[in-house]
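> The structure is given below, and queries will be raised subsequently.
The values are calculated or read from the model by the stated rules, or taken from the named source; none is laboratory data. Please read these numbers as outputs of a predicted model, since none were measured by experiment. Positions of Cβ are generated from backbone atoms using ideal geometry, with glycine treated the same way; all protein chains shown enter the neighbour counts. Each accessible area value is taken on the protein alone, full model and side chains, heavy atoms only, with ligands, DNA and RNA left out. Shrake-Rupley method; radii C 1.70, N 1.55, O 1.52, S 1.80 Å.
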Amino acid sequence: MKRKIGKRTISAVGVAALLFLAASTAQAGWLFVIAAAVLGLVVGSFFVRHSLSKLTITRAVPRRARVGDDIRVGLIVNNSGTRHSPLLRLEDRHVAYDPAKVVIESLGPKETAHVELVRSLNRRGHFESGPLNLFSGYPFGFVRSSRTIDIPTEITVVPRWVELRYFPILEPSSSPSDVLHERARTGAGEQYLGVREYRPGDPPRAVHWRSTARAGKLIVREFEEEVASRVALVIAGDDVGAPPDSAYEMLIAAAASIGIYAIVTGHPVEMARPGPDGSPARISEPDRFAILDWLARAEAGDSDLEELASTVLTGMGRRGTVVLLSTGRGDATASIPDAVRAIQTAGSRAIVIATEPSGWLEGPDKSGRPTEVGAGRAPLKVLTRGGDLRRCLEG
């Protein structure tokens, strides 16, 4: 716990000095009394002890929420000491949401106060704790005590996303090395292999009646189910702007939207990005929640997209699609042409998504023109600040 002189102290001492001067000049005893009283209050404040060390605080938040959502934050303040706690100001400084200030009245021994706040999440990430500051200048604010507590609070703030109705994962491209992508659906898209004897559980619609009549027993058609093409998302690039409104955050939102769309439409997903130490971080065949949690931990980092793409190409096969996502700056953008060639040489399809960084830049460098990322023959989609993410990805 720290103690320091409040801003009011200097003003109070100055007022006392002026009163003493006026009392000496006017020879007014009552002015001496007032000046002494003001000075006495200041001196007496140094002997007041604020029992902040006896206060214990817990914080309750949802385990998972989305950037931009409002959440309820519950704070429980308990006075575990044997004396009354002073009137104090509580400042919740958790980095995941906007700061909040609350005044807590004096608590008796073993007394508890409950506070509920509604805060807006403004930062994506996985957080295990968050700071909270306590201040008290009771009774007059001449001396202020403060204490900072790091409260364990686990919350995963996932990126925002949009529910896509369409994304060209399955469309044929103009590149000769690309192949037609087909969506695997239950009950459709099967290849005919031949006939065989009926087995318990075979659907009636599979019965081949002509063969059944010849054989005198039930014969069914046999099909080979098509394997869904794989989709890989490769993310890299330096950030521009400040979260939650930054180029990288929009890129992460696009990755979440595409990843969820791929899962909904039956495509296994691979994802790769630079890890905290610069080495590739990967996730294979995640579900919807795993995608969001993995992207919640993503941090902007410039890296060669060709090297990142190579970590996922081995399992893609000739019917896969690799989506390259870049913020339009640095080595990540410069490496897009090489990454596209490597993907197409491997027989997979490449799609490039890049943000237009000028929208987040300030000053004379702000151009407002779409970035030339050198995607070549791969489809390119450019994300702009304030643009409609769904419209851009579906268009």
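> Do you know which residues across segment 231-263 are out of contact with any helix residue (DSSP H, G or I) (no Cβ under 8 Å at 6 or more places or on another chain) and either modelled with pLDDT of 90 or more or part of a helix (DSSP H, G or I) (or both)?
Scanning segment 231-263 gives Tyr248, Glu249, Leu251, Tyr261, Ala262.
> Only residues that are open to solvent by less than 70 Å² (accessible area, probe 1.4 Å) and either in contact (Cβ under 8 Å) with a residue 24 or more places away in the chain or within 56 Å of the chain's Cα centre (by Cα) (or both): list them for segment 6-26, please.
Matches in segment 6-26: Gly6, Thr9, Ala12, Val13, Gly14, Ala16, Ala17.
> Report whether or not Arg3 is open to solvent by 20 Å² or more (accessible area, probe 1.4 Å), modelled with pLDDT of 95 or more and either of a type in the set (Phe, Trp, Tyr) or under 40 Å from the mean Cα position of the chain (by Cα) (or both).
Judged against the criteria, Arg3 is not a match.
> Considering (1) free of Cβ contacts under 8 Å to residues at least 60 places away in the same chain; (2) surrounded by fewer than 19 Cβ atoms within 10 Å (Cβ to Cβ); (3) more than 30 Å from Trp360 (Cβ to Cβ), say which one Thr265 fails and leave the rest.
Of (1) free of Cβ contacts under 8 Å to residues at least 60 places away in the same chain; (2) surrounded by fewer than 19 Cβ atoms within 10 Å (Cβ to Cβ); (3) more than 30 Å from Trp360 (Cβ to Cβ), only one is false for Thr265: (1).
> Scan segment 136-145 for residues that are under 23 Å from Leu75 (Cα atoms) and open to solvent by 30 Å² or more (accessible area, probe 1.4 Å) and jot them down.
Tyr138, Arg144
> For the list (1) part of a loop (DSSP other than H, G, I, E, B); (2) open to solvent by 50 Å² or more (accessible area, probe 1.4 Å); (3) at negative phi, I need the number of the one condition that Val118 fails.
(1)
A quick yes/no check of all residues on (1) over 18 Å from Val158 (Cα atoms); (2) buried (at least 16 other Cβ atoms within 10 Å of the Cβ); (3) among the basic types (Lys, Arg):
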| position | (1), (2), (3) |
| --- | --- |
| Ser284 | yes, no, no |
| Phe289 | no, no, no |
| Gly301 | yes, yes, no |
| Thr311 | yes, yes, no |
| Met316 | yes, yes, no |
| Arg319 | yes, yes, yes |
| Pro337 | yes, yes, no |
| Ala342 | yes, yes, no |
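> Check segment 48-56 and report whether any residue there is in a strand (DSSP E or B) and either surrounded by 12 or more Cβ atoms within 10 Å (Cβ to Cβ) or touching a strand residue (DSSP E or B) at 6+ places or on another chain (Cβ under 8 Å) (or both).
yes
> When Gly130 is evaluated against the numbered criteria (1) over 17 Å from the mean Cα position of the chain (by Cα); (2) in contact (Cβ under 8 Å) with a residue 12 or more places away in the chain, which criterion, by number, is the only one it fails?
(1)
> Between a residue in segment 146-163 that is polar (S, T, N, Q) and any residue that is open to solvent by 10 Å² or more (accessible area, probe 1.4 Å) and in a loop (DSSP other than H, G, I, E, B), which pairs come within a Cβ distance under 6 Å, given they are 6 or more apart or on different chains?
Thr153/Val61
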